[in-house]
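Here is the structure we will look at, set down as structure tokens.
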Amino acid sequence: MRLDKYLAEMGVGTRSQVKQYIRKCCVTVNGELVRQSDAQIAPETDEICYNGQTVGYAAFEYYMLNKPAGVISASEDKKQETVIDLIDTRLRKDLFPVGRLDKDTEGLLLITNDGALTHQLLSPKKHVSKRYFARIDGKVTEREVKVFREGVAIDEDFTALPAELDILISDDISEIEVVIYEGKFHQIKRMFEAVGMEVIYLKRLSMGNLLLDGHLGLGEYRPLTEEELAGLRAHE
Ligand code: URA
């Protein structure tokens, strides 16, 4: 790989900035000053330093984030904090969230730069399951369980796939868990709206066989384990 590409991918700067750094003798490869941006390096074995600091390499990164409310599911935004801003130990600058949670939704969000895995997980053909916990303004009953099981008609153009609704508390404010197999915009909120109820709190608990780690507080994250990654790849 070219030295300037490596430094840019690892987030040291833009391609033109890192070219300047290299020209200004800020970069060493295995302890030797290198001044050519197109110098070829072996990312897995060479030690690259910028201003004396090692620039570590990761081809792919995978993080599980417990998304807090108030943060948007985007890679970058000029005004608002994004989920990527929360991953402050990231090495790469090309990370993105796998799918979107609404700004006010909490819970499991996978963050990676692995486009192929993302494509598989989000493909409408794969029907990867997503489990949510929700608090609902309204008394959720067996009637809604049946409607969800049969597929809620959201509007003329869209009927949701059958979904599993489990009632935890059925009261003026109900608590439920629901599993869906697609990921349309505001899907859970629209499903409840279609049965005359409002979602007042929403948290994602799982995506496929990846479960939110209960030790992660809101806004905290950790790398996926090998087992978790293998589990996600099993969806491919
Ligand atoms: N459904 C919603 O309505 N919002 C989310 O953030 C996720 C699923």
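Out of all the residues in segment 79-86, is one or more more than 28 Å from residue 195 (Cβ to Cβ), assigned to a helix (DSSP H, G or I) and among the polar types (S, T, N, Q)?
no
In segment 101-128, which residues are assigned to a loop (DSSP other than H, G, I, E, B) and crowded, with 16+ Cβ neighbours inside 10 Å?
101, 102, 105, 113, 114, 128
Of everything in segment 88-100, what is in a loop (DSSP other than H, G, I, E, B) and either surrounded by 18 or more Cβ atoms within 10 Å (Cβ to Cβ) or at positive phi (or both)? Give them in sequence order.
Matches in segment 88-100: 90, 95, 98, 99.
Can you tell me how many residues within segment 129-163 are exposed (fewer than 12 other Cβ atoms within 10 Å of the Cβ), within 16 Å of the ligand (Cβ to nearest atom) and of a type outside the set (Asp, Glu)?
Number satisfying all stated conditions: 0.
For segment 172-200: of the residues being open to solvent by 40 Å² or more (accessible area, probe 1.4 Å) and of a type in the set (Gly, Ala, Ser), which is nearest to the ligand (Cβ to nearest atom)?
Per the stated criteria, the residue is 183.
Of the residues in segment 8-42, how many are open to solvent by 60 Å² or more (accessible area, probe 1.4 Å), in contact with a helix residue (DSSP H, G or I) (Cβ under 9 Å, 6 or more places away or on another chain) and part of a loop (DSSP other than H, G, I, E, B)?
Number satisfying all stated conditions: 4.
Look at residue 212 and say whether it is within 14 Å of the ligand (Cβ to nearest atom) and in contact with a Phe, Trp or Tyr (Cβ under 6 Å, 6 or more places away or on another chain).
Judged against the criteria, residue 212 is not a match.
Name the pairs: first residue in segment 21-35 and closer than 12 Å to residue 51 by Cα, second residue open to solvent by 60 Å² or more (accessible area, probe 1.4 Å) and of a type in the set (D, E, K, R), Cβ to Cβ under 9 Å, at least 6 apart or on different chains?
The qualifying pairs are 22/35; 24/35; 25/35; 27/35; 28/47; 29/47; 31/47.
Could you tell me which numbered condition residue 45 fails, if it satisfies all but one of (1) more than 16 Å from the chain's Cα centre (by Cα); (2) assigned to a strand (DSSP E or B); (3) among the hydroxyl-bearing types (Ser, Thr, Tyr)?
For residue 45, the failing item is (2).
Would you mind telling me which numbered condition in (1) of a type in the set (D, E, K, R); (2) more than 12 Å from the ligand (Cβ to nearest atom); (3) within 22 Å of the chain's Cα centre (by Cα) residue 203 fails?
Answer for residue 203: the failing condition is (2).
The values are calculated or read from the model by the stated rules, or taken from the named source; none is laboratory data. All of these numbers come straight from a predicted model, not from anything done at the bench. Backbone-built Cβ (ideal geometry, glycine too); neighbour counts: all protein chains shown. Only protein heavy atoms, including side chains, enter the accessible area calculation; ligands, DNA and RNA are left aside. Shrake-Rupley method; radii C 1.70, N 1.55, O 1.52, S 1.80 Å.
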